[in-house]
Amino acid sequence: MITELNLHEIIHNNNPGFEYEVALFYCLLPSEKEQEIVGRAINQREDSEKIHKIIRQTDSNAILSHLSERNLSLIDCSLETQNDAIGPADIVMTVGNTEGVESKIGLSVKYANTCTLNITGRSFITDAQISDLELRLKEYTLKYVQEMTDNYGSVNNWFRKRKPSATTNEYIDLIRDAVIKNWPYIKDKKRLLSQLYHEDSPIEFWVVKYTQDKFCVNCTPFHLGDVDFESITIAKDRTSFIAFYYKGKKIGHMQVKFNNGFIEKCKKKNADMTVEGERISFGKPFTSWNFSVEE
């Protein structure tokens, strides 16, 4: 199913990862005529060559085979990137069984990672903890600027250029300590964990993952079901992650991160600090963390 809104979005949406969503949508369209229409919209994009490369990488038969195993067939599909009402799905398939009964299955499209939800850090730490961490942010920002200057010289050599930083890792570790300290005191873990795992999704969804050389379909992503929510534990994982465990099994991981880098280009009237004439704002470490369901 193609709408005018879909075509406008295909031409103009520049969100990271959208190229994978539109490539999969194209491959699942049920007719050559619809593919031709979507193909013309793709060709109006600057990254059209990349999308066509992803199309060649996409194995839609892998999805069709999973449907066939359940005696289902694909009838139609719709592009639902902007529709939050249908859970994590970017594409919704209309499928039918052998008796002609139709249902919906969503496809959550991932590339290079398996992030299924962006969530605020305020769901995991208290206002008091955030206040304490914010008080220390200036101290760590000064330390960060000194680290970058010592390692890379002029601000033009490192500002907004994703240079590795021990200071960033140290500050994120303070946040992870706060998350772990507060975890036993979160009152409604069921509500929070249900949000992380999309337990309230109105339709079933599968996870489709693109990597550099693979196309993978997981039609049975982990669900909480009737787990004992109070038995779920957390621990540090790698440099900036927190892992979630149930009965010793890792069931998910969350990246604690700054939303747009440790420091940002200042867009407000008064800069938090100035370095060699460059106006800088402190980063935002609590607004958007990445949660992923374990495969």
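Tabulated values for the structure
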| item | result |
| --- | --- |
| Computed over the range 170-216, Cα set: Rg, Dmax in Å | 16.4, 43 |
| Scattering profile of the range 61-170 at q = 0.12, 0.17 Å⁻¹ [log10 I(q)/I(0), Debye over alpha-carbon scatterers] | -0.71, -0.92 |
| Under 15 Å from K265, Cα to Cα: aspartates and glutamates that are on another chain or at least 8 residues apart | E276, E278 |
| Links that overshoot a 27 Å alpha carbon limit, given the list K143/K267; K163/K236; K187/K247; K181/K269; K209/K250 | K181/K269 |
| Leading residue at positive end of dipole, the range 190-261 (Cβ point charges), from Q195, F244, Q255 | Q255 |
| Placed amide H near E294: partners under 5 Å, 5+ positions off or other chain | G252, H253 |
| Surface per residue (accessible, 1.4 Å probe) for the chain, Å² | 53 |
| Normalised per residue, the volume of the convex hull around the Cα set of the range 1-60 (Å³) | 74 |
| Cβ charges +1 (Lys, Arg) and -1 (Asp, Glu), total dipole of the chain, debye | 1120 |
| Enclosed volume per residue, in Å³, of the convex hull spanned by Cα atoms of the range 158-249 | 170 |
| Trypsin sites (Lys or Arg not before Pro) restricted to the range 79-130 and DSSP loop, no more than 14 other C-beta within 10 Å | none |
| Ranked by how many other beta carbons lie within 10 Å on average, peptides 201-211, 215-225 from highest | 201-211, 215-225 |
| Hits among lysines - C-alpha to C-alpha of K214 under 20 Å, sequence gap 8 or more where chains match | K50, K53, K110 |
| Net charge over other residues, Cβ less than 13 angstrom from the Cβ of K268 (K, R count +1; D, E count -1) | +3 |
| The range 172-229 - percent of accessible surface contributed by carbon and sulfur, probe 1.4 Å | 50 |
| Rg over Rh [alpha-carbon atoms, Kirkwood Rh] for the chain | 1.02 |
| In the range 124-206, trypsin sites (Lys or Arg not before Pro) in a DSSP loop with at most 16 other beta-carbon atoms within 10 Å | R160, K161, R162, K187 |
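The values are calculated or read from the model by the stated rules, or taken from the named source; none is laboratory data. Worth saying up front: this structure is predicted, and the values here are computed from it rather than measured. Cβ atoms come from the backbone with ideal geometry, glycine included; neighbour counts cover every protein chain shown. Each accessible area value is taken on the protein alone, full model and side chains, heavy atoms only, with ligands, DNA and RNA left out. Shrake-Rupley method; radii C 1.70, N 1.55, O 1.52, S 1.80 Å.
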